[in-house]
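To start, the structure itself, in structure tokens.
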Amino acid sequence: MVTVSHAYTPAEAAAVSEIAIKSVHNAIDKRIVANRPSSTEGRALTEEDLLRLKLWYGVGSILSAERRKRLFDTIDENPGADTVRADDYLIIDVARAREQLATRAEALREAEKLIQSVKGVVGGEPVFKGTRVPVRAIAAMKAQGASTEESSKAILR
């Protein structure tokens, strides 16, 4: 039985693993990661699923799909291993991948504390708490190259 300390939606999994949301859904559809239906969110992924996503797409250009699956089998056999040998020449730093995921998951939890959705505020769209500034507007600014300072000024207006 899998112990789930946190269930991630595909969107959250994409943010934490730095994988495109379409790729996350593709990984679920191709059974690269398990689909654990969540009663409230639809599809749900575990922290181990996030590790699989990160490694699947991270070593995708280096290892074939079959060799990546063998890599996962090795990780499953040695869940506490810091490194795993993918082949004679390639050693995967699993501990580093887990650290990166944990850091991004914590950043996501911190960001979620700053965001709220209220039915009567901007049509229920996610906004920064205490403002009417839509999160997507700041995300769009960041995607277009705005600095953190510029984005912060937009929130404080």
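By average Cβ neighbour count within 10 Å, what is the ranking of 140-146, 96-102, 52-58, 42-48 from highest down? Display every interim value, and only then the final one.
Numbers: 140-146: 11.1, 96-102: 15.3, 52-58: 21.7, 42-48: 19.9.
Result, highest mean Cβ count within 10 Å first: 52-58, 42-48, 96-102, 140-146.
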- What fraction of the Cα pairs in region 114-157, stated in percent, has a spacing above 11 angstrom? 62 percent
- Query: Counting Lys and Arg as +1 and Asp and Glu as -1, each charge on the Cβ, what is the dipole of the chain about the Cα centre in debye, to the nearest 20?
  - Reply: 660 debye
- Picking from Arg104, Arg136, Arg85, which is most flexible by a Gaussian network model of the chain using Cα springs under 10 Å? Arg136
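So, R0 is 25 Å and r is the distance between the beta-carbons of Met141 and His6; what FRET efficiency does that work out to, to 0.05?
0.30
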- Dimensions of the chain along principal axes (Cα, Å, largest first)? 57, 36, 25
- Message: I'd like the FRET efficiency for Asn26 and Thr148, computed as 1/(1 + (r/R0)^6) with the beta carbon distance as r and R0 of 35 Å, rounded to 0.05.
- Response: 0.65
- Query: So which lysines pass the test for Lys22, namely a Cα distance under 24 Å, with those fewer than 8 places away in the same chain ruled out?
  - Reply: Lys30, Lys54, Lys69, Lys142
- Under a plain spin-label model, where a point goes 7 Å from the Cα along Cα-to-Cβ, how far apart in nm are Thr83 and Glu66? 2.7 nm
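Every number here is computed from the coordinates shown, using simple stated rules; none is lab data. Just so it is clear, the structure is predicted and the values come from calculations on it, not from any experiment. Note: ideal-geometry Cβ built from the backbone for every residue, glycine included; neighbour counts use all protein chains shown.
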